[in-house]
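Throughout, read-outs are computed from the coordinates displayed, never taken from laboratory work. None of these values were measured; they are calculated from a predicted model. Reconstructed Cβ throughout: ideal geometry from the backbone, glycine too, with neighbour counts over all protein chains shown.
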Amino acid sequence: MSIDPCWLELSWSNRPKEETVPRGYLSLACGGDYSLRAPMNQRAILQAERMYPGKRFLYCRQEHTRIVRVVTREDEPGQLGDGLLTKDGEIVLGITVADCLPILLWDPRNGVRGLLHSGWKGTGILAEGVALMGKTYGTDPKNLYVLFGPCIRPCCYRVDAERGEWLLKRFGKGASEYREGAYYADLVQANRNIAEGLGIRSIEVVDGCTCCDTRFHSYRREGPSSFQRMLVLF
């Protein structure tokens, strides 16, 4: 669902009717570059304030890690990590992506939200985030809602044999596929395998490959010298 030409709404279709459902947003191709590296891109701050007026915007310094942080209004933005969790409804979480997989987590029973950035190096951050939600807030994975946003898909994500075999060995069937003499990674399937292994029942996927769908920015399609990032807010 699009709220305007520059934003794609990310939300759950199978949500419990009695709950107030948090919504995420992904900036589309006309959004420009949102770099969350320090110093913070002012464009991203302004867009976050526009989408969520009066809220505090927190983001992390993404380095393709599996580090997840619990944040409150007292925390400073820009700490090292690739995932954020909060129970504070006055906080907006932010990450950027440009082919990597954005993962939204929602625990309606405990009022907890999470936003994770998962590239191939960071695959496994979902398990770290869910474990931290359980430790900090008492989240039970079977009550958790997970949404996988748009990312590069196996139609376009060719990887070397070492990476393709590692993904299969580490994350199971479908994490990569071998065809026509090459391996193609599937970040969504790798993370779905993780989610199902954790006992998560509600998993939704937003269709679309960021590389071949020109609505999105893509590191692989646009190249390292000219690619632009997309801002995800939750």
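Overview of results
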read-out	value
Overall form of the chain per C-alpha gyration tensor (a/c, 1.5; a/b vs b/c)	oblate
Euclidean distance of C-alpha centroids, segment 160-227 and segment 76-108, integer Å	20
Residue-wise HN-Hα coupling along segment 182-191, computed from phi with Karplus coefficients 6.51, -1.76, 1.60 (Hz; x: Gly, Pro)	8, 9, 10, 7, 10, 5, 5, 5, 4, 6
Candidates Thr86, Thr136, Thr123: whichever shows maximal mean-square fluctuation once the chain is modelled as a Gaussian network with Cα springs under 10 Å	Thr136
Residue-averaged [θ]222 nm for the chain, counting only DSSP H segments that reach four residues, each worth -39500 (n - 2.57)	-6000 deg cm²/dmol
Karplus-derived HN-Hα couplings along segment 120-137 (A = 6.51, B = -1.76, C = 1.60, θ = phi - 60°), whole Hz, x at Gly and Pro	5, 5, x, 4, x, 5, 4, 5, 5, x, 5, 4, 5, 4, x, 5, 8, 10
Hull-based mean projected area of segment 93-227, where the convex hull spans the alpha carbons, in square nanometres	8.5
Amide H partners (placed H, <5 Å) of Val159, local residues excluded	Tyr183, Tyr184, Ala185
5 angstrom amide H check on Leu10, placed H, neighbours 5+ away	Gly24, Tyr25, Leu26
Net dipole in debye of the chain [+1 Lys, Arg Cβ; -1 Asp, Glu Cβ; about Cα centre; nearest 20]	160
Segment 44-101: C-alpha gyration tensor shape, a/c 1.5 cut-off, then a/b vs b/c	oblate
Inter-label distance for Ser225 and Arg61, nm, one decimal - labels placed 7 Å from Cα along Cα-to-Cβ	2.8
Max mean-square fluctuation residue, GNM over the chain, Cα-Cα springs under 10 Å, options Lys169, Lys121, Lys55	Lys169
Inter-label distance for Leu198 and Glu165, nm, one decimal - labels placed 7 Å from Cα along Cα-to-Cβ	2.9
Amide H contacts of Ser218 (H built 1.01 Å from N, under 5 Å, at least 5 apart or other chain)	Gln228
Within segment 177-234, trypsin sites (Lys or Arg not before Pro) in DSSP loop having at most 10 other beta-carbon neighbours inside 10 Å	none
Prolate/oblate/rounded call for segment 30-155, Cα gyration tensor, a/c under 1.5 rounded	oblate
Estimated dipole of segment 36-170 in Debye, rounded to 20 [Cβ of Lys and Arg +1, of Asp and Glu -1, Cα centre]	160
FRET E, pair Cys6, Glu90, Förster distance 30 Å, beta-carbon r, rounded to 0.05	0.75
HN-Hα J in Hz across segment 98-103 - Karplus 6.51, -1.76, 1.60, θ = phi - 60°, x for Gly and Pro	8, 2, 5, 8, x, 10
